[in-house]
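Comments concern the structure below.
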Amino acid sequence: MNLRRHLMQKKGEDGPDLKGGSVDSLIVLATRATKNDFFYQEAFLTTYRTFISPHDLICKLLYRYNKFIHVSDMRQRAARNSFALLVRVVDDLCLTDINEDVLKTLMDFICQLVSRGDLLLARALRKKVVEKCYLKQQSLLNLRILLPSMAVTTHKASLLDFKSENIAEQMTLLDADLFQKIEIPEVLLWAKEQKEDLTPNLTTFTEHFNKMSYWARSRILEQEEAKDRERYVVKFIKVMKCLRKLNNFNSYLAILSALDSAPIRRLEWQRNITEDSYMYLYSILKGINLIFFSSGFKKEYCALIDSSSSFRAYRHALENTTPPCIPYLGLILQDLTFVHVGNTDLLDESVNFSKRWQQFGILENMRRFKNSQYPIKRNDQIISFFNNFDDYLCEEAMWQISETIKPRGGKKKEL
């Protein structure tokens, strides 16, 4: 196959040379990938679901393998390369990709290899298929992860009972477990389809973020005394500091979104407080730019979530972060959606691979942090206290409490 006739190359532009091509030519190019083309093969494996289904790709690779395996030595290399890519495709299958059609096609091919006497190839492929089937079975058995301890205690724990560092560590432990379960193609498919059944792990992670934020708001608003509410806010800010040290941007932003939520932000807070954490609190809730304070949180803490300049400060912080790290997926999803909406899937009836290069680049930070682990031990008492962050008030109840504390258009209620 003369690939040049079916591929579109950039001319005089920065970035990868490949601009687009037919589906078949992109597959062939991926099978031919050498060390110099490894970057392309990674981009192909990450994004191919946007223009061909996993089952169809597997079928095309099997067709190419069977076509060239019994010909001259030069063409047998094409068959071997096709098999090598097939193994990688199977290894990268999401659990949602594994269906009856995919399994039947793969098992039929394994039987075919055995009948030909290609036992090493059959064993290698079968190993990957069995591993995927086992993982899918385990995911169905473990519908809920890190269940809180059900140990009975006579004391109802409070947020203030635990050290901020320990709270942040257990939040990170929960986040990390959910983050590791997200499969990269899920994130890419969400930007295109936005269907929860295709992105179960991503959906769970997003729901966890929202529940944590509502949980934090509820813990603050349920305090009857103003001084107690302030103590809880300061506690959450201390937890945020610890989360930042752990590179857990997800929980960091979940709590910050709680502190910056309208039912809390509208309340009046003490002005005569000089402690660093209170100063930071005041800067958030009253909109004061922290840059004017010589003491208090470092400037990057204030600027980290500044949405101006396309979250430049956060992006810079993420680029300079070494694993382990849990990134904020909301911005990744936003960037992917922007690329999907702003670029066509096809160029002159060929796959627009320039779009796929952009998608691959956006996902790079997530790929970079996926395999890192936190050396954190589980604390059952704190995990039990979290209770999966299910104990939170609804939006209407939060507003009712907020307006009871400070009526609309009126003065703060004396407590």
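The values are calculated or read from the model by the stated rules, or taken from the named source; none is laboratory data. Computed from a predicted structure; not experimentally measured. For neighbour counting, all protein chains shown are included, and Cβ atoms are generated from backbone atoms with ideal geometry for every residue, glycine included.
Is it the case that Trp357 is in a helix (DSSP H, G or I), under 21 Å from Glu225 (Cα atoms) and among the aromatic types (Phe, Trp, Tyr)? So Trp357 does not fit the description; no. Candidates are the residues of the range 175-214 that are outside any helix (DSSP H, G or I) and among the polar types (S, T, N, Q); the one that is surrounded by the fewest Cβ atoms within 10 Å (Cβ to Cβ) is Gln194. Pairing each residue of the range 124-139 that is of a type outside the set (Gly, Ala, Ser) with any residue that is not in a helix (DSSP H, G or I), provided the two are 6+ apart or on different chains, yields C-beta distances under 8 Å for Lys132/Leu93; Lys132/Ile98; Cys133/Ile98; Lys136/Ile98. Among the residues of the range 382-398, just one is under 24 Å from the mean Cα position of the chain (by Cα), loosely packed, with under 14 Cβ neighbours inside 10 Å and in a helix (DSSP H, G or I), namely Asn387. Checking the stated criteria, Lys227 turns out not to satisfy the condition of being out of contact with any strand residue (DSSP E or B) (no Cβ under 8 Å at 6 or more places or on another chain), buried (at least 18 other Cβ atoms within 10 Å of the Cβ), among the basic types (Lys, Arg) and assigned to a helix (DSSP H, G or I).
Looking only at residues in the range 111-122 that are part of a helix (DSSP H, G or I) and either at positive phi or surrounded by 18 or more Cβ atoms within 10 Å (Cβ to Cβ) (or both), the one that is farthest from the chain's Cα centre (by Cα) is Leu113. Every residue in the range 360-375 that is surrounded by 17 or more Cβ atoms within 10 Å (Cβ to Cβ) and either of a type in the set (D, E, K, R) or part of a loop (DSSP other than H, G, I, E, B) (or both), please. Tyr374 - this is the single residue of the range 360-375 that is surrounded by 17 or more Cβ atoms within 10 Å (Cβ to Cβ) and either of a type in the set (D, E, K, R) or part of a loop (DSSP other than H, G, I, E, B) (or both).
Quick grid of which residues meet (1) closer than 14 Å to Ile382 by Cα; (2) of a type in the set (S, T, N, Q); (3) touching a residue at least 40 places away in the same chain (Cβ under 8 Å):
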| site | (1), (2), (3) |
| --- | --- |
| Ala157 | yes, no, yes |
| Thr172 | yes, yes, yes |
| Ile184 | no, no, yes |
| Ala191 | no, no, yes |
| Asn201 | no, yes, no |
| Ser213 | no, yes, yes |
| Ser218 | no, yes, yes |
| Gln223 | no, yes, no |
| Val239 | yes, no, yes |
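Looking across Asp101, Asp108, Asp97, one residue alone is in contact with a Pro (Cβ under 6 Å, 6 or more places away or on another chain) and among the acidic types (Asp, Glu). It is Asp97.
For Leu125, work out the one condition from (1) of a type outside the set (Phe, Trp, Tyr); (2) modelled with pLDDT under 95; (3) assigned to a helix (DSSP H, G or I) it doesn't fulfil. Just one mismatch for Leu125, condition (2). Confirm whether Asp118 is charged (D, E, K, R), more than 19 Å from Ile184 (Cβ to Cβ), in contact (Cβ under 8 Å) with a residue 12 or more places away in the chain and touching a helix residue (DSSP H, G or I) at 6+ places or on another chain (Cβ under 9 Å). Considered against the rule, which asks whether it is charged (D, E, K, R), more than 19 Å from Ile184 (Cβ to Cβ), in contact (Cβ under 8 Å) with a residue 12 or more places away in the chain and touching a helix residue (DSSP H, G or I) at 6+ places or on another chain (Cβ under 9 Å), Asp118 comes out as no. Among the residues of the range 315-338, those that are part of a helix (DSSP H, G or I) and under 21 Å from Thr203 (Cβ atoms) comprise Leu329, Gly330, Leu331, Ile332, Leu333, Gln334, Asp335, Leu336, Thr337, Phe338. Entry remark, the range 331-347: residues being of a type in the set (Ser, Thr, Tyr) and within 24 Å of Gly21 (Cβ to Cβ) number 1 in total. I'd like to verify a number: residues in the range 154-174 that are closer than 14 Å to Arg231 by Cβ and assigned to a loop (DSSP other than H, G, I, E, B), how many? Qualifying residue count, the range 154-174: 2. A single entry from Leu18, Leu7, Leu26, Leu93 fulfils the requirement of being of a type outside the set (Val, Ile, Thr) and within 21 Å of Glu131 (Cβ to Cβ): Leu93. Taking the numbered list (1) in contact (Cβ under 8 Å) with a residue 60 or more places away in the chain; (2) in contact with a Pro (Cβ under 9 Å, 6 or more places away or on another chain) in turn, Asn352 passes all entries but (2). Does any residue of the range 338-349 turn out to be in contact with an Asp or Glu (Cβ under 9 Å, 6 or more places away or on another chain) and either surrounded by 12 or more Cβ atoms within 10 Å (Cβ to Cβ) or modelled with pLDDT of 95 or more (or both)? Within the range 338-349, none of the residues are in contact with an Asp or Glu (Cβ under 9 Å, 6 or more places away or on another chain) and either surrounded by 12 or more Cβ atoms within 10 Å (Cβ to Cβ) or modelled with pLDDT of 95 or more (or both).
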